[in-house]
Amino acid sequence: MNEFTQSIYMNLAQIPKGRIISYGQLAKLAGYPNHSRHVGKTLAKLPKDTTLPWHRVVNSQGRISLSGDSFYKQKERLEKEGIAICENGKIMNFKQVIMQ
DNA sequence: CGTCTGACAATGA
DNA sequence: GTCATTGCCAGAC
């Protein structure tokens, strides 16, 4: 667990329910701009039973970057928080739920 | 040490 | 709107 990872977790934990954030924004908030890719890598290592809201992280185009089972898992979790998502992973009310 | 990879982002066609 | 290209950086090999 390094400083980068720690900071990512800290900021991610503060994303309110019903809101989402992009990988780039999260990295930036954590104080590491240009580390968007590493954010995804870090989240991928999280245990299944983590309490962190990893599902509130999407790419800058407002769509889910996952595929297969993980995709549906994230989709369902988000819809449970009131965020509508298309079958193709596109977030409907993206502009309303994305962090600004 | 050189290369490749990835839950990405910004830009342009 | 979508797709391709380029830049990015830490880890794996």
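Laboratory data are not the source of any read-out in this text; all were calculated from the coordinates shown. Everything quoted here is computed from the prediction, not taken from an experiment. When we count neighbours, we look across all protein chains shown, and the Cβ atoms used for this are built from the backbone with ideal geometry, even at glycine.
Suppose we flag GluC sites (Glu not before Pro) only when DSSP calls them loop and at most 16 other Cβ atoms lie within 10 Å. Which is the longest uninterrupted stretch of chain A? The answer is A:1-80. Where does chain A land at 222 nm, in deg cm²/dmol rounded to the nearest 500, when only DSSP H runs of n ≥ 4 count, each adding -39500 (n - 2.57), divided by all residues? That comes out to -12000 deg cm²/dmol. As a proxy for reagent exposure, ranking A:Thr50, A:Thr42, A:Thr5 by other Cβ atoms within 10 Å from fewest up yields A:Thr50, A:Thr5, A:Thr42. Calculated from the alpha-carbon coordinates, chain A shows an Rg and a Dmax of 12.5, 36 Å respectively.
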